[in-house]
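Take a look at the structure set out below.
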Amino acid sequence: MMSKTEQNRDTLIQIFTRTPIEGEVKTRLIPELGAQGSCELHKRMTLHTLQVATHAAPAVQIWCTPDINHPFLANLSQAHEIKMQIGESLADRMSCSLTDGLEKYKKVILVGCDCPVIDEATLVRAISILDQHNYVFIPVEDGGFALIGSVLFSPQIFQNVPWNSNLVMSQIRENLKKFHYSWAELPTLWDVDEFVDYKRLSLHMPHLTRGL
């Protein structure tokens, strides 16, 4: 019987993250955790996402900005390909990464590191959805999304999206309808941005916040 990773040989998982520089990551948590604590949480969530992804598919890349020449990333590069996010905007960077992945793989899943409640089963389910649909998403409670997967990505789906608002997923849905793409959404989850999210994470996944 094939394992999940063997079954998903045609799938690439791209992890989107930022260079763990103190004072530049998880900045909304700095007032409570300090720059060092916020950076440590960012590292832990990145490692957690990487561990989950490697159990769901054999091909995993880490896409980082703004600097891939960092000791934390150098350690990860021994087992995983580290690539620089390219583009001025988030939409540009995601478009570039998804397009790059689909040149070699049938399915590409792009997932951020701010939603650690995404587990292996969720990733496997997202991958399987792409057998029937052009896109798959995991919405989050603030109106954005934590995961996008595709088999034929087009930047059309990001047209007129008001990033950093609670209307991101709403506009993407309109674009998907407008351009006649099929898609499915997994249940809405929550990500870690504010201190209230951090406290929620401490209750659900205390190993990620212990000692911070």
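Laboratory data are not the source of any read-out in this text; all were calculated from the coordinates shown. It should be emphasised that the depicted structure is a prediction, and the values quoted were computed from it without experimental measurement. Cβ atoms come from the backbone with ideal geometry, glycine included; neighbour counts cover every protein chain shown.
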Lys pairs, the chain - Cα-Cα below 18 angstrom, 8 or more residues apart or on other chains: 7
Of (1) 25; (2) 21; (3) 39, the label for percent of Cα pairs over 28 Å apart derived from the coordinates: (1)
Added length on full extension, which subtracts the Cα-Cα distance from 0.36 nm per residue, SER128 to ARG210: 26.1 nm
Rounded FRET efficiency, nearest 0.05, which uses the C-beta distance separating SER77 from LEU203 and R0 of 22 Å: 0.05
Region 106-121-region 158-207 distance, computed between alpha-carbon centres (Å): 12
Burial ordering of MET169, MET84, MET94, fewest other beta-carbon atoms within 10 Å first: MET84, MET169, MET94
Spin-label model distance (nm) - GLN159 vs SER89, 7 Å beyond Cα toward Cβ: 1.3
